[in-house]
Every structure is written in structure tokens, then in C-alpha cells.
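The values are calculated or read from the model by the stated rules, or taken from the named source; none is laboratory data. Computed from a predicted model, the values in this text were never measured in an experiment. Quick reminder, even Gly has a Cβ in these numbers, built from the backbone with ideal geometry, and neighbours come from all protein chains shown.
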Amino acid sequence: MRGGNRSETLAALLIRWGVNVVALLVVDSIFDGVEIGRWGSVLVGAAVLAIANAIVKPVLALLALPLILLTLGLAYFAINVLMLALAEWVAPDFTIDGFWTYVGATIVVWLVNWILNSALGSLFGGRDTRRVVV
């Protein structure tokens, strides 16, 4: 392991999961095209989103780096949309209808993550709560 111990890694992942729970609840309340049927769906969707963002997203970003540079970051946004689509696909009773709903939901998830991670980072003495040390 690099730069930390397992409890720090678990704590960071749990924080990411909690932040994603809030983000999905906000998305569900804002968009008519987003349906999250029950609490279990929110919890599973947030867990998938946290794990995918920690593991799958960096790999995809590395593989798509030339495309990300060529599109000035638009391809990176598409990767974020894919992470949300993966969460929707895995979680039961979680549906997102329509392309623009995906785009809007991705922006809201990003915004909620940014706000809460900034707030939590200042609570934890400026530590980056987004970082999962593996």
C-alpha cells in the first residue's frame, strides 16, 4: 500500500460512498427522468459509483487520454456519464431516462461531490477526501 493504511483507505471509500448517496438523492429530487425506487437502490448505486470512480474511471481515463486531450476534456465528461450509467445498470430500481437527463444528472453528481468533498476536506484538516489509497 502506498501512503496510508487500510483504515484510511476504507474511511476514504466510505466518505465517497456517503457523498454519492447524497448526490444520487439530490439527482432523484431534481430530475423527473431519474427514478430511484427505494433506499437499497440508492445505497447500491452510490457504492457502485464510488468504487467505479476509484477503480474503473482512472483506467478508462488513462486509456482515453489522447481522446480526452483531443476533445479538450469532453471525453472525460463522457467517462463520468458512463460511470453513472454503470451505477444505474447495476442498482435495482434505478433508472435514468434520456440523454439530456444523463448529462444533467452527471453535472449535478459532480457538483454535489465537489461541494461536499470541499466541505469535508476542510473538516478533516484540508485532507483530500476523494483520494482512495490502494
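Listed values, structure above:
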{"quantity": "Number of positions in region 5-31 that are surrounded by 15 or more Cβ atoms within 10 Å (Cβ to Cβ) and touching a residue at least 40 places away in the same chain (Cβ under 8 Å)", "calculated": "14"}
{"quantity": "Residue 35, sole failed condition from (1) part of a helix (DSSP H, G or I); (2) in contact (Cβ under 8 Å) with a residue 60 or more places away in the chain", "calculated": "(1)"}
{"quantity": "Condition met for residue 68 (more than 24 Å from residue 116 (Cβ to Cβ) and buried (at least 19 other Cβ atoms within 10 Å of the Cβ))", "calculated": "yes"}
{"quantity": "Filter pass, residue 67 being touching a helix residue (DSSP H, G or I) at 6+ places or on another chain (Cβ under 6 Å), part of a helix (DSSP H, G or I) and over 22 Å from residue 12 (Cβ atoms)", "calculated": "yes"}
{"quantity": "Residue 46 at pLDDT 95 or above, out of contact with any strand residue (DSSP E or B) (no Cβ under 7 Å at 6 or more places or on another chain) and under 23 Å from residue 121 (Cβ atoms)", "calculated": "yes"}
{"quantity": "Any hit, region 83-95, residues being of a type in the set (Ser, Thr, Tyr) and free of Cβ contacts under 8 Å to residues at least 40 places away in the same chain", "calculated": "no"}
{"quantity": "Candidates 61, 85, 78, 54 - the one that is in a helix (DSSP H, G or I), touching a Leu at 6+ places or on another chain (Cβ under 8 Å) and of a type outside the set (Lys, Arg)", "calculated": "54"}
{"quantity": "Unique match (being at pLDDT 95 or above and more than 17 Å from residue 44 (Cα to Cα)) among 63, 120, 82", "calculated": "63"}
{"quantity": "Residues of region 80-123 satisfying the condition of being surrounded by 15 or more Cβ atoms within 10 Å (Cβ to Cβ) and more than 23 Å from residue 32 (Cα to Cα)", "calculated": "116, 117, 120, 121"}
{"quantity": "Residue list for region 12-66, filter: among the polar types (S, T, N, Q) and over 12 Å from residue 83 (Cβ atoms)", "calculated": "29, 41"}
{"quantity": "Every residue from region 32-43 that is surrounded by fewer than 19 Cβ atoms within 10 Å (Cβ to Cβ) and touching a helix residue (DSSP H, G or I) at 6+ places or on another chain (Cβ under 7 Å)", "calculated": "33, 43"}
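One line per residue, one yes/no per condition, for (1) under 21 Å from residue 116 (Cα atoms); (2) among the β-branched types (Val, Ile, Thr):
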site	(1), (2)
19	yes, yes
23	yes, no
35	no, no
64	no, no
77	yes, no
83	yes, no
91	no, no
